[in-house]
1. If I ask for residues that are acidic (Asp, Glu) and either part of a helix (DSSP H, G or I) or within 18 Å of GLY497 (Cα to Cα) (or both), which ones from region 840-855 would you list?
2. Could you say whether any residue in region 103-118 is acidic (Asp, Glu), farther than 30 Å from GLU754 by Cβ and either in contact with a helix residue (DSSP H, G or I) (Cβ under 9 Å, 6 or more places away or on another chain) or at pLDDT 95 or above (or both)?
3. Across region 244-264, which residue is farthest from ALA474 (Cα to Cα) among those that are crowded, with 21+ Cβ neighbours inside 10 Å and of a type in the set (A, V, I, L, M, F, W, C)?
4. Here's a check for you: in region 856-880, which residue that is small (Gly, Ala, Ser) and assigned to a helix (DSSP H, G or I) is surrounded by the most Cβ atoms within 10 Å (Cβ to Cβ)?
5. Looking only at residues in region 121-154 that are more than 39 Å from the chain's Cα centre (by Cα), of a type in the set (A, V, I, L, M, F, W, C) and assigned to a loop (DSSP other than H, G, I, E, B), which one is surrounded by the most Cβ atoms within 10 Å (Cβ to Cβ)?
6. Counting residues that are surrounded by 17 or more Cβ atoms within 10 Å (Cβ to Cβ), which strands (runs of 3 or more DSSP E) fully inside region 398-504 reach at least 3?
7. Which of the residues that make up region 228-260 are closer than 30 Å to SER188 by Cβ and under 21 Å from the mean Cα position of the chain (by Cα)?
8. Determine whether region 555-565 contains at least one residue that is under 27 Å from PRO510 (Cβ atoms) and either modelled with pLDDT of 75 or more or surrounded by 21 or more Cβ atoms within 10 Å (Cβ to Cβ) (or both).
Amino acid sequence: MTGLGHPKNLGTDRHTSNGTGIFQPAGQSPVADSRITQKEDSNLKAYQELRLSQLSLDEYSNLNRPSYGDKGDRVTLWTNYMGLSIDIEKHLFTYEIVIDDRLKFRRKRQHFMESALRHLPELRALGSGVATDYASLIVASAKLDLGPNDHKTFTLAFYDTELREGRVMAPLDNPFALKVSLIGPLSSSDLLRFVGPDLINSNHLDTADTEAVRALNIIMASQPNKDPNVYQGGQNKFYRYPSQQEFSNYDLEGGLIAVRGYYSSVRFSTSRILLNLQAQCTAFYKDMNALELIQEFQKSAPGNWPALEQFLRDLRVKTSYMKTPEGTPLPKVKSIIGFSRKDMQANGNGNANNIRFELRGRQSEETVSVTEYFLTQYGVTLKHPEAIVVNCGTTDHPVWIPPELCTVMPGQPHRLPLNDVQLARMITIAARPPAENAARITAEDGGLGLIGVLPSTCDGLAAFGVTVDPNMIAVPGRVLPAPRVMYLGNSTAGTVGGLWNMKNKKVLKPKTFSDWTILRIGAAANIKNTEFERQCKALTEGFRSSGLYVNAPQVFPGPSIPAFDENRDDAVAFVDSNLRAILKSCKARNIGIHTHCVQMERLRRQDASYSANVALKLNLKLGGTNQAISSNDLGFLRHGNSILVGIDVTHPAPGTMRGIPSIAGVVASIDPNFAQWPGNICCQESKKEMVSNLDSMMEERLEYWVSKNPEKKLENIVIYRDGNSIIGIMTLSLIVCSLLGVSEGQYRTVQHTEIPAIRKACAKVFPDAPPPKITFLIVGKRHHTRFYPTDKNKADQKHNCNIKNGTVVDRGITMPQGWDFYMAAHAAIHGTTKPAHYVVLLDENNLSANEMEKMTHNLCYLHGRATKAVSVCPPAYYADLICERARCYLAEYIRRNPGKEFDWNHAPWRSGVHEKYVDLELSFLQDMILILAQP
């Protein structure tokens, strides 16, 4: 990263380590609790007996695991969970709150509740023994006196607690109302019965269970919520700004700073309650003068006014130019909705000198400039009247304020995508070795201290009878062996740590690359022809060494786009850093030109491994097969009568056009080596997680499999459903019923909608045959579980002493009922390994835990675009990629219409790809632009 001009000390502080050691907490031995293992075994046996005693089970109940896995080399791992205990004599009380509907915005409602905790005697009397989510619930350590009906409406004047000075927001004769109603008592038995000694059916959790988990999460958040130096950056995520001495070490440029923080969440596991605590890092706006912030942003994006307006929108700023009658500053906090761009104003360039307006209450039509107004009204002489002014009012009734008079309020997360430089800096800061990651979590000035569970900061928890063991727990794990990776001529690759190379190897089924073109655009068009020809020759030789049959390319100098015959099957090579512009220019959706991009800089180096990687992607796009794994490593998939399916839905990023549709993607294998993955893509209702047209999309995938395998009968369908967007889009994460963070209701939604849709498709495609057996897994990466080696000899010493690739954990922190496991099939090159979390919702193939884990792990070696095992099983990986590619089809339309509502009538694309792709044996990307990107 330092090669990009990053500061040498970027992201460093007293916890920074070199990544060569393992986490070794003082005075603690890495021993998994044998009592938990025994309880897991007894629960499993009890469930099996219960299942045998019943004639049928609820089709939509959670599938309980048939067994625990026992294959692989055994290891003991630390994990970022701490034991949480509850005073069995303690009773808690939960209350529903209804806040005055005049307070419509979340931040104002939060400030109102802060005022209520300070000023209402009934709440203030409880001291640390009261907590709230600032929206709908209060948890109290003692029963409130609300009268005979346990209901009371309080009234109070609202003080704006965002400003330390305080400011009344409602007149005393018309105060805001707060309605408080008792929900009920919550004893420790309500919590302990979920993890207690008797096997219980968690498939039908009642209100008491869900409220108990929610109450514990509110209690755990109470300490950081009350700390004025801690800022919330999302659900259960809390951040503290670096010290002034370390500030430069976290600078992302462009007006942003990386801020470290921690995520906490209470989870249930077998016979215990756990606190999950994980280090976080996100971008925040710098708390600085707003004009200086604008100037910093413009250094990274000069002249990009739409991007600046998006960057500033809804940013809260503090002003102090107003004065009290005594002459002291009267601070106010306002939100920016836009600024005075030239194209928004009829007169001039939109600065403080030429933005004019009529003064309210004046009879004449005389106008004043912003500069004149602040001088006459407040006695303020602007230092930068030539600068733009920001609008802190509305579009119809603007309130123009010079940004030099505004200070950005601290604690505001930046929700928009980072640029390339910022992203590289963020990765450098956030990607920490596992030992350092664990040390930060358990440090007094780290996670435990910030959340308030250490003896010096746990008064708030003690009031509720809650204590947290500050030590991480140890869990048993296993490391599965790598499968045999096969290339042409039955050649086997030597896999080491989930990685291998193709030296002296050729792709299993190479394709011919005979008629292709290179188009040079941008800075690459200025490279000398002799140099470029040498680079292209080296690239072509790299393709051939990988086994592709390649002719010499035709080269266009650029920068214009040549006209291509729609009937040709060209592979066109572009040189440009803007992939979206390339896709738009070549009209891949409309005329079916296959496209691919690479980096010009990598071509200059004549990097053989890079050429081989490009060859892999091209071979896939031409319908070839790069590698396979041995039949013994495929299990029941080796018979060639199975189809693997990946499903995903991606949602619009924050800050983009309103109403942008979500995009659903379904990919499915068509060959016995699971190399080719054609797919369907389509738009659907914005932020809708479940796939709207899954039955028809699955029907098309099944019919295509049949057309490619006419002599075979489809017997098995294995589906990996990407679960990241399920977690991100749902709002029920507080009522957690599993360690993934997806609620029971979300699992049931998948079971009630998507699985029946798949069965409907099967019935239509195979009306006269038994339906294929379905195995359905949800795979998630957006969780907060991490594992740390306890023995350096059993760690991946090449990669920061991470856990070894192939590590699987299905005990200790997994569901008390249900079937889930964590797996890290990949090697983490940077930072701490993030395992994938798999939840099995349906298994009609009756696989054992060992078979399910082995199948999932070995499939991670079949990602054809790289010579490494990937972190997520390829069906889900490919489904995510096809959705991201589909979003590129809308990118140019969205860019041209910032701040507007998405219009379906003018959308350039809704579903599908060019007809030339429908019958071609192509990969999921459905198009190919070759090579070379130069900034």
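1. GLU851, GLU853 - these are the residues of region 840-855 that are acidic (Asp, Glu) and either part of a helix (DSSP H, G or I) or within 18 Å of GLY497 (Cα to Cα) (or both).
2. yes
3. LEU256
4. It comes out as ALA879.
5. Only one residue tops the list, namely LEU144.
6. Hits in region 398-504: 406-408, 466-479, 485-487.
7. GLN232, GLY234, GLN235, ASN236, LYS237, PHE238
8. no
The values are calculated or read from the model by the stated rules, or taken from the named source; none is laboratory data. None of the values given here were measured: they were computed from a predicted structure. Cβ: placed from backbone, ideal geometry, glycine included. Neighbour counts: every protein chain shown. For accessibility, only protein heavy atoms count, side chains too; no ligands or nucleic acids. Shrake-Rupley method; radii C 1.70, N 1.55, O 1.52, S 1.80 Å.
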